[in-house]
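The structure under discussion appears below in the form of structure tokens.
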Amino acid sequence: MKKLRVAIAGLTACSGCQLSLLNCEDELPRMLELFEFHYFPMASSPALMEGEYDAVLVEGCLSMPHEKELLQELRRRSRYLVALGTCAVCGGVAALRNGEEREQLRQSVYGENQVASETYEPLPLHRVVQVDAAVTGCPPEKEELLRLLAGLARGVLPVAIDYPVCTECRMRENLCLLTERSALCLGPLTLGGCSARCPSLGVPCEGCRGPVPEANLAEALEIYAEKGFDKATVRDRLRRFCPEWKL
Ligand code: SF4
Ligand code: SF4
């Protein structure tokens, strides 16, 4: 069986998504039977981009001019482009301060007279190139990464999840933190796929996987209001991982 040529690149991000992939230690030998990783700067050097790719997995959002060029180059060379992790899918924590004055932000981080790299408001990948599939999460779940790779090995893209974290909470028979404990849990509006990782440990969902499509927003806001959380509070919490979250 011919191995697939894969590239893995990181833009503005913490590298956690790429690390999640490298942490699939038991599965790495099988991965290497199926894929040739031709461009993976975090894991190999020198990192040279050559030829065409069957798939490119891109972690992180766009915040610097050279990142846009790199992304466009990867797009040109690859059959499939996959957004890897919440930053790539919807901006993530790097985009947390979008909407604020950038010069002020720069000064607060680097001081008045420091020279900093040229940056712009962080953008998710789909704002610049066509994205064929997304594996969200901060970082993505190992099982989802493996499902993505298994699919790519067979020439198919993963089926997108379309249910909220609450569904998985129900499946695990968790006590509802929102209705029973009046905690600001974002499970009703957040894309599932993490097996309700946080509520299962008694911790409210922070929305790290981004918005679930077609969420019942009106009903969720009603429940939040009953528990004492107004729309602005819910919106601000949601936007920590996804500044483009419409609410
Ligand atoms: S605890 Fe959170 S995720 Fe679980 S059912 Fe309640 S609102 Fe949904
Ligand atoms: S429960 Fe929420 S915050 Fe926790 S991993 Fe899942 S989506 Fe992220």
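Quick note: the coordinates plus some simple rules give every number you see, no bench work behind them. Given the structure is predicted, the values throughout are model-derived calculations rather than measurements. In this analysis, Cβ positions are derived from the backbone assuming ideal geometry, glycine residues included, and neighbour counts consider all displayed protein chains.
A simple spin-label model places the labels of Arg154 and Glu118 4.6 nm from each other, with each point 7 Å out along Cα-to-Cβ. Charged neighbours of Asn23, selected by a Cβ distance under 12 Å, balance to -3 (K, R count +1; D, E count -1). As a rough guide to protection, the peptides 48-57, 23-32, 3-12 ranked by mean Cβ packing within 10 Å, highest first, stand as 3-12, 48-57, 23-32.
Our helix-only sum for the chain, with -39,500 (n - 2.57) per DSSP H run of n ≥ 4 divided by its residues, gives a mean residue ellipticity at 222 nm of -9000 deg cm²/dmol.
Highest mean packing first, where packing is the average number of other Cβ atoms within 10 Å per residue, the peptides 114-121, 71-78, 180-187 line up as 180-187, 71-78, 114-121. Here the label points at Gln130 and Arg79, each 7 Å from Cα along the C-beta direction, are separated by 1.4 nm in the simple model. Taken about its Cα centre, the chain carries a charge dipole of about 240 debye when Lys and Arg each add +1 at the Cβ and Asp and Glu each add -1 at the Cβ. Close amide H contacts of Glu36 (hydrogens built in the peptide plane, cut-off under 5 Å, sequence separation of 5 or more or a different chain): Leu4, Arg5, Val6. In terms of packing, defined here as the mean over residues of other Cβ atoms within 10 angstrom, the peptides 226-238, 83-95 line up highest first as 83-95, 226-238. If the chain linking Val203 and Arg30 were pulled fully straight, counting 0.36 nm for each residue of separation and taking away their Cα-Cα distance, it would gain 58.8 nm.
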